[in-house]
Structure formats: structure tokens, C-alpha cells
1. Quick one: would you say ALA71 is modelled with pLDDT of 95 or more, within 11 Å of the ligand (Cβ to nearest atom) and assigned to a helix (DSSP H, G or I)?
2. Restricting attention to the range 1-52, which residues are hydrophobic (A, V, I, L, M, F, W, C), more than 12 Å from the ligand (Cβ to nearest atom) and part of a helix (DSSP H, G or I)?
3. Could you grab me the full set of residues in the range 53-72 that are open to solvent by 80 Å² or more (accessible area, probe 1.4 Å) and of a type in the set (Phe, Trp, Tyr)?
Amino acid sequence: MLEQERAEIDQIDQQLMPLLAQRLQVGQRIAAVKHQHQLPLVDRRREAQVYEQIGQRVPAEQAEYVRTLYADILLVSKQYQARLIKAWQDEADGQSAPDADQSKLK
Ligand SMILES: C=C(O[C@@H]1C=C(C(=O)O)C=C[C@H]1O)C(=O)O
């Protein structure tokens, strides 16, 4: 019982997990550009495009669930980028302690 379905889910996860890691990896490159050019971390217009694509790619009855999943994917994506940018900034500032200089906190 359920072996077949769980094997299917395992196969899907096998594709999905590396793709999620790859997505974060591309985010790392985007973060580097944002750091280099002092661009804001969050881009709401781009996020709206991502959510819009869900409506085009997912059956209507599942779109709401996929949107919820993407809210987490985007959140983690931004957390990851924020951590990278902070580390690069600290490096550029000479490894100052995180709260040693309040003026550097965003
Ligand atoms: C990856 C980016 O950074 C943020 C994260 C996004 C994402 O994970 O899709 C989209 C927009 C930004 O808020 C980006 O700017 O493209």
C-alpha cells in the first residue's frame, strides 16, 4: 500500500531538490550583483512576475497551494541573499563585529 505513490514522490523530489538548490545558487549570483551595485535586496516587481507565472503553469485548483509554497521559496531565497550580502559587507568593512557599529545595520 502506498509504495507506488511514495516512489513517485521520491522521484519528483529527486528532481525538485537539486533544482531548489540550483535556484538558490543563481540567487547567489544575483546577490553578488546587488552587492556590487548597491541594489535593493527585494524586488517586488520581479516577485509579482514569479507569482504571475504560477497562474500560467499550474492547474487552477492547485495555484493557491503553489503560491503558498513560493512565498516560502522567495522568503528563503531573500534570507540566503541577505546573509551573503551581509557577509560581503562585513568583509569589505574589515570584519567588524555584527553590532559594533549601529550605523551599518540596515
Ligand atoms: C532573486 C532575486 O531576489 C529576490 C528574490 C526573488 C526570487 O527568489 O525569485 C525575486 C525577487 C527578489 O525579491 C531577484 O532580484 O531576482
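1. Details: modelled with pLDDT of 95 or more: yes; within 11 Å of the ligand (Cβ to nearest atom): yes; assigned to a helix (DSSP H, G or I): yes.
For ALA71, the condition - modelled with pLDDT of 95 or more, within 11 Å of the ligand (Cβ to nearest atom) and assigned to a helix (DSSP H, G or I) - is met.
2. ALA7, ILE9, ILE12, LEU16, MET17, LEU19, ALA21
3. TYR65
This table checks each residue for (1) touching a helix residue (DSSP H, G or I) at 6+ places or on another chain (Cβ under 9 Å); (2) more than 13 Å from SER77 (Cα to Cα); (3) polar (S, T, N, Q).
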{"residue": "GLU8", "(1), (2), (3)": "no, yes, no"}
{"residue": "GLN14", "(1), (2), (3)": "no, yes, yes"}
{"residue": "ARG29", "(1), (2), (3)": "no, no, no"}
{"residue": "HIS35", "(1), (2), (3)": "yes, yes, no"}
{"residue": "GLN38", "(1), (2), (3)": "no, yes, yes"}
{"residue": "VAL42", "(1), (2), (3)": "yes, no, no"}
{"residue": "GLN53", "(1), (2), (3)": "no, yes, yes"}
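The values are calculated or read from the model by the stated rules, or taken from the named source; none is laboratory data. Being a predicted model, the structure only gives us computed values, none of them experimental. For neighbour counting, all protein chains shown are included, and Cβ atoms are generated from backbone atoms with ideal geometry for every residue, glycine included. Heads up: the accessible areas ignore ligands, DNA and RNA and are worked out on the full protein's heavy atoms, side chains in. Shrake-Rupley method; radii C 1.70, N 1.55, O 1.52, S 1.80 Å.
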